[in-house]
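A short write-up of the structure that comes next.
Just so you know, all these numbers are worked out from the coordinates, no wet-lab data involved. Nothing here was measured: the structure is a model prediction, and the numbers come from that model. Here the Cβ positions follow ideal geometry from the backbone for every residue, glycine too, while neighbour counts run over all protein chains shown.
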Amino acid sequence: MTQLQITGMTCESCAAHVKEALKRVPGVRSVEVSYAKGNATLAMTAETSTKALLAAVAGLGYRAALADSPTAPPRGGLFDKVREWVGGGDKTGHDDGKLHIAVIGSGGAAMAAALKAVEQGARVTLIERGTLGGTCVNVGCVPSKIMIRAAHIAHLRAASPFDDGIAAATPAILRERLLAQQQARVEELRRAKYESILDGNPSITRLAGEARFKDARTLTVATADGGTREVSFDRCLIATGASPAIPPIPGLKDTPYWTSTEALASDTLPERLAVIGSSVVAVELAQAFARLGSRVTILARSTLFFREDPAIGAAVTDAFRAEGIKVLEHTQASQVAYRDGGFVLMTGQGELSADKLLIATGRSPNTQAMNLAAAGVAVNKQGAIVIDAAMRTSAPDIYAAGDCTDQPQFVYVAAAAGTRSAINMTGGKAALDLTAMPAVVFTDPQVATVGLSEAEAHLKGIETDNRTLTLDNVPRALANFDTRGFIKLVMEEGTRRLIGVQAVAPEAGELIQAAALAIRARMTVEELADQLFPYLTMVEGLKLAAQTFKKDVKALSCCAG
């Protein structure tokens with residue numbers, strides 16, 4: 001038997017990759033690899049090339065040497081330190097000269113940072129207390145958009161603008177089958193975009209457990225097996241995301257209410273659903289459940305999308321009411337009770353009964369259990385980590401990105417911040433410019449915004465002019481027989497630069513990136529109006545809206561330039 005000493009393996013998956021590589025070397029009859037012991041034991045023919053064995057291991061990014069070779073790492077030196085790191089010591093640390101970055105979390109920000117840090121020459125320990133992949137792929141963006149799409153198709157089968165020529169039919173909704181399809185895609189994406197990528201990267205160590213700061217250079221991790229590990233780091237990224245915020249409504253905590261997580265995982269559809277909330281998650285899921293067959297009532301403390309341009313909330317409210325969704329504006333639940341298998345909500349407009357209650361009133365940063373004070377990391381009143389333009393926290397070697405920070409809670413913002421934080425942690429200089437950050441709400445019609453609204457511009461002291469184009473002026477909308485919504489452009493007086501766009505329209509999410517690029521390029525509304533846009537597309541509405549600053553588009557022919 002021949003034994004190799006191997007350094008660099010960090011988990012059982014690493015050992016499995018090494019085993020497969022060694023098995024492919026001509027002459028190898030059998031091989032066993034232990035990441036804890038840092039070795040491989042082989043049975044092979046006399047003709048087996050030692051160079052081929054070492055090259056196979058090196059090809060995976062590890063270092064190997066024959067156990068009796070003078071080049072093998074000596075006991076008591078690097079080899080034993082590696083063994084302590086990966087195999088049962090209570091401390092995690094490396095002596096390989098590479099910058100060591102600890103990443104807490106495994107969602108969009110964490111993954112982007114880990115991969116960029118490795119690309120920059122660092123090694124990473126990625127710590128995750130729950131399911132790999134974070135909110136977006138598991139319980140957020142991906143499952144919600146699958147459900148919303150299924151509900152959209154159900155809605156079109158039941159009713160469309162073309163019912164005179166295409167017979168409508170109420171679809172049979174088999175929620176348990178839709179859920180199985182949804183979860184299968186979630187698991188597929190989690191494997192492909194998270195698990196497989198991490199397993200294939202020898203410079204990233206995965207550690208299952210919950211991390212707390214011991215000090216500004218050390219984490220203690222309560223591991224999944226009940227043990228405790230210490231992880232020392234040169235730099236650390238906090239990317240722990242956020243969780244549903246639960247309002248302090250009397251009686252609520254004693255009821256089996258839903259958050260978005262439970263709603264998306266339900267294999268049944270409630271006959272009556274009450275939704276408390278007025279923003280993204282509330283409206284997306286409210287419409288999805290309504291289109292799948294539930295009778296839905298939304299309780300909005302103010303109006304829908306009260307933080308946005310008022311026209312947005314008004315347009316979505318009109319669309320919802322047209323579909324039979326009850327929207328109660330300026331309405332709060334003063335008490336919630338659960339009895340006889342149902343919910344009873346006390347409101348200023350009387351009692352409201354429902355079979356299920358969805359709480360969608362925002363998300364709170366996951367920061368309370370991390371002992372941030374021990375590391376000198378400051379948070380704001382909402383518990384969000386305060387970061388600067390480089391994603392650095394108040395502790396000089398600790399960075400943060402994603403929904404646990406005071407940045408906007410969008411996965412693409414989180415990923416961009418994660419990438420830039422990794423550049424900065426490894427000696428680079430990168431900032432995240434959010435002046436042209438697009439946002440989309442996947443209702444029907446969709447809501448999409450970028451840049452400043454009128455009100456936001458005025459708060460900044462910017463004088464504005466604006467135009468609103470209703471969709472009955474957009475040829476694509478007319479051809480679709482669906483003219484719900486509008487496109488609004490906000491420009492800065494004087495420079496005439498486009499500084500903001502708000503849209504409520506079918507497929508508004510597909511047009512907003514063009515607006516973001518126009519703002520980024522500091523285009524004037526005249527320059528936007530002069531661009532070539534393909535005819536009979538919804539994005540052509542941007543050109544038409546820009547033309548309205550100087551023309552009456554109703555007086556133009558269909559594709560007048």
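Brief remarks on what is shown
- Summed side-chain charge close to A545 - residues other than A545 whose Cβ falls under 9 Å, Lys, Arg +1, Asp, Glu -1: +3
- Which listed pairs, of K116/K193; K51/K193; K460/K554, have C-alpha distances above 25 Å, in listed order: K51/K193; K460/K554
- Cβ-derived FRET efficiency at R0 60 Å, T45 paired with T347, nearest 0.05: 0.15
- Scalar couplings 3J(HN,Hα) for the stretch 190-205, obtained by applying the Karplus form with A = 6.51, B = -1.76, C = 1.60 to θ = phi - 60°, are 4, 5, 6, 9, 10, 4, 5, 5, 5, 4, x, 10, x, 8, 10, 9 Hz; x denotes Gly and Pro.
- Each residue in T125, T255 was given a count of other beta-carbon atoms within 10 angstrom of its own, and listing them fewest first yields T255, T125.
- For the stretch 362-470: relative contact order, % (alpha-carbon pairs under 8 angstrom, 6 or more apart): 15
- Within straight-line cross-link reach of K214, lysines at Cα separation under 17 Å, skipping those fewer than 8 residues along the same chain: K91
- Efficiency of FRET between A431 and D215 - r from beta-carbon atoms, R0 35 angstrom, step 0.05: 0.80
- Gained length - E188 relative to T495, 0.36 nm times residue gap less alpha-carbon distance: 105.6 nm
- For the stretch 340-443, applying the loop criterion from DSSP together with a ceiling of 16 other beta carbons within 10 Å to the trypsin sites (Lys or Arg not before Pro) yields K381, K429.
- Of K488, K253, the sequence from fewest to most neighbouring Cβ atoms within 10 angstrom is K253, K488.
- Here percent of Cα pairs over 45 Å apart was calculated from the structure, and among (i) 12; (ii) 17; (iii) 29 it sits at label (iii).
- With at most 15 neighbouring Cβ atoms within 10 Å, loop chymotrypsin sites (Phe, Trp or Tyr not before Pro) (DSSP) excluded, longest segment of the chain: 307-480
- Rounded to 10°, Cα long-axis angle of helix 141-158 versus longest principal axis of the chain: 40
- P(r) tail fraction, the stretch 287-418 - alpha-carbon pairs more than 17 Å apart, %: 70
- Spin-label zone in the stretch 472-489 - amide nitrogen under 17 Å from a point set 7 Å from the Cα of C559 along the C-beta vector: 474-480
- Secondary structure note: in the stretch 252-360, about 45% of the DSSP beta bridges are antiparallel.
- Value at 222 nm in deg cm²/dmol, rounded to 500, when DSSP H runs of n ≥ 4 in the chain each add -39,500 (n - 2.57): -9000 deg cm²/dmol
- Counted charge near V441, where neighbours are those whose Cβ lies closer than 11 Å (Asp, Glu -1; Lys, Arg +1): -3
- Of all lysines in the structure, those lying under 26 Å Cα to Cα from K326, and not within fewer than 8 positions of it along the same chain, are K145, K253, K356.
- Length gained when the stretch F306-K98 is fully extended (0.36 nm per residue, less Cα-Cα span): 70.0 nm
- Longest DSSP-loop-exposure-free segment, GluC sites (Glu not before Pro), the chain, at most 15 other Cβ within 10 Å: 48-270
- Placing dummy labels 7 Å off each Cα toward the beta-carbon, the span from A158 to T131 is 2.7 nm.
- One chain, two ends: A322 and A373. Fully extended at 0.36 nm per residue, the span grows by 13.3 nm beyond their Cα-Cα distance.
- Percent of beta bridges antiparallel (DSSP, the chain, rounded to nearest 5): 65
- In this calculation the C-beta distance from D355 to E526 is compared with R0 = 45 Å, giving a FRET efficiency of 0.25.
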